[in-house]
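Before any comments, here is the structure.
The values are calculated or read from the model by the stated rules, or taken from the named source; none is laboratory data. Computed from a predicted structure; not experimentally measured. Glycine gets a Cβ as well: all are built from the backbone with ideal geometry, and neighbour counts include every protein chain shown.
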Amino acid sequence: MTSNAACVTGSPATSNSVAIVVNPSVAASVAIAPTATNVCAGTNVTFTATPTNGGTTPSYQWKLNGVNVGTNSPTYSNNALTNLVPVTCVMTSNAACVTGSPATSNSVAIVVNPSVAAPRRHSATHQYMCWN
């Protein structure tokens, strides 16, 4: 720095140096996986979110058919799923220099088969006819 003050000494003056660390940007993402993809009605399915660049404490918002469900947890369980209704997770990262946060996961739709009653056993007195 060069001073324009009268009678100044030490001009020009040089400041101390300052090192700046520039961290690279990282992309946030999240993937979910269920414990099963084809179940009987009433079966509990647990979905687990796996974040990439989520930071030390990412937050999670689970969605069932686009509607918020679950809690701020990396897992979501449901025993009342209906056939092919999509489940997703939105993860918000707390990592430094992150891009793409909040990140939405892949969509997973579970095949839910209806429960079927077992055929009733008939007594021996009933006869059955088969037509060819």
remark   = If you go through S93, S77, S107, the only one that is modelled with pLDDT of 95 or more and under 12 Å from P51 (Cα atoms) is S93
key: Lone unmet requirement of (1) surrounded by fewer than 19 Cβ atoms within 10 Å (Cβ to Cβ); (2) among the hydrophobic types (A, V, I, L, M, F, W, C); (3) farther than 13 Å from A31 by Cβ for V108   = (3)
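In the stretch 38-47, what residues are surrounded by 13 or more Cβ atoms within 10 Å (Cβ to Cβ) and of a type in the set (G, A, S)?
Correct list: A41 only.
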task = Being in contact with a Ser or Thr (Cβ under 8 Å, 6 or more places away or on another chain) and at pLDDT 95 or above is the filter here, so list the residues in the stretch 25-39 that pass it.
result = A27, A28, S29, V30, A31, I32, A33, P34, T35, A36
ask   = Looking at the stretch 74-90, which of its residues are surrounded by 13 or more Cβ atoms within 10 Å (Cβ to Cβ) and part of a loop (DSSP other than H, G, I, E, B)?
value = P74, L81, V85
note = Scanning the stretch 45-58 residue by residue, those without any contact (Cβ under 8 Å) to a residue 40 or more places away in the chain, assigned to a loop (DSSP other than H, G, I, E, B) and either of a type in the set (A, V, I, L, M, F, W, C) or touching a Ser or Thr at 6+ places or on another chain (Cβ under 6 Å) (or both) turn out to be P58
Number of the exception - Q127 against (1) at pLDDT 95 or above; (2) out of contact with any Pro (no Cβ under 9 Å at 6 or more places or on another chain) = (1)
key: Pairs, first surrounded by 10 or more Cβ atoms within 10 Å (Cβ to Cβ) in the stretch 12-30, second hydroxyl-bearing (S, T, Y), C-beta under 6 Å, six or more apart   = S25/T99; A27/T99; A28/S93; A28/S101; S29/T52; V30/S105
key: Tally of residues being of a type in the set (A, V, I, L, M), over 27 Å from S59 (Cα atoms) and part of a loop (DSSP other than H, G, I, E, B) across the stretch 22-44   = 1
inquiry  = Kindly evaluate T35 against the criterion of being polar (S, T, N, Q), under 24 Å from V112 (Cα atoms) and surrounded by 14 or more Cβ atoms within 10 Å (Cβ to Cβ).
reply    = yes
